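See structure below.
The values are calculated or read from the model by the stated rules, or taken from the named source; none is laboratory data. The shown structure was predicted, so the numbers you read here are calculated from the model rather than taken from an experiment. Cβ placement follows ideal geometry from the backbone for every residue including glycine, while neighbour counts extend to all protein chains displayed. Please note that ligands, DNA and RNA were not included when accessible areas were found on the heavy atoms of the full protein model with its side chains. Shrake-Rupley method; radii C 1.70, N 1.55, O 1.52, S 1.80 Å.
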Amino acid sequence: MNILLLGATGATGKLVLKELINNEYNISIVVRNKEKIEANILNNKNIEIIESNILDMSENELKNLIKNSDVFISCLGHNISFKGIFGEPKKLVSDSLKKICKLVERENIKPIKFILMNTSGNINHDENEKVSFFHKVLLFIIRTLVPPHLDNEMAANYLRLDIGQKNDLIQWVVVRPDSLINEDKVSKYSLYSSPTRSALLDAGQTSRINIANFMCELIKNNSLWNTWKGKMPVIYNIN
């Protein structure tokens, strides 16, 4: 199986890449700067490294990537800096996803699976998720003042509303972790269709390594994929 990973140099993306390597997949990664890649990865024969940006790629370049990939994983995110949060591209995640999906649909290249890392702070309206009035107010403020959150919402909503749950070419899962933490080992975690606590007022924790593990399990386990395809599972660490 061939996997295309976006965001492989990020804090979570690095762990996803390691999980994929451990499972001996053929992997392509798109990175802006090869200098951020560790030497053992640069020398790994099962990894193709493309020094570029999905948004800058030509259609022909992207077509070749799609033809050679069965699963797309996006761990794209915005750098935690003033430029990263408020600078361009403000719609890095959603525009990258749209560019891939639109090309797949227009050219009818091949069926793909798409796994998108998102956030539990993003409400899934398909599940009729209820939040408090105060939560809604905070969410409005965050959506207005913090462009990356709006970008995450737009990406998930594109899959949910534009691609839908019954698309012949694109199946998808949106993974929603709560407050991210770093841990050295995979630990027990739980999955829910909707948040069991307020992401803004009573956040739980999700380790990045558990996210990586769940994403790889989605690829390996067809039953797990079928359980969550077209949905937005929330993942929490079990304390």
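Figures for the structure shown
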| item | result |
| --- | --- |
| Condition check for residue 108: open to solvent by 80 Å² or more (accessible area, probe 1.4 Å), polar (S, T, N, Q) and over 23 Å from residue 65 (Cα atoms) | no |
| Matching residues in segment 165-175 - criterion: being modelled with pLDDT of 95 or more and either over 12 Å from residue 114 (Cα atoms) or under 12 Å from the mean Cα position of the chain (by Cα) (or both) | 172, 173, 174, 175 |
| Only listed residue being open to solvent by 30 Å² or more (accessible area, probe 1.4 Å), in a helix (DSSP H, G or I), on the phi < 0 side of the Ramachandran plot and not aromatic (Phe, Trp, Tyr), chosen from 64, 44 | 64 |
| Those strands (runs of 3 or more DSSP E) lying entirely in segment 127-239 with at least 2 residues surrounded by fewer than 16 Cβ atoms within 10 Å (Cβ to Cβ) | 179-181, 189-192 |
| Segment 3-26 residues that are farther than 15 Å from residue 37 by Cα and in a helix (DSSP H, G or I), paired with ones that are open to solvent by 10 Å² or more (accessible area, probe 1.4 Å) and at pLDDT 95 or above (beta carbon under 8 Å, 6 or more apart) | 19/213 |
| Filter pass, residue 67 being modelled with pLDDT of 95 or more and within 21 Å of residue 48 (Cα to Cα) | no |
| Selection within segment 200-220 - touching a helix residue (DSSP H, G or I) at 6+ places or on another chain (Cβ under 8 Å) and either modelled with pLDDT under 95 or of a type in the set (Gly, Ala, Ser) (or both) | 200, 201, 212 |
| Filter result (surrounded by fewer than 22 Cβ atoms within 10 Å (Cβ to Cβ), touching a residue at least 40 places away in the same chain (Cβ under 8 Å) and not hydrophobic (A, V, I, L, M, F, W, C)) within segment 96-105 | 98, 99, 105 |
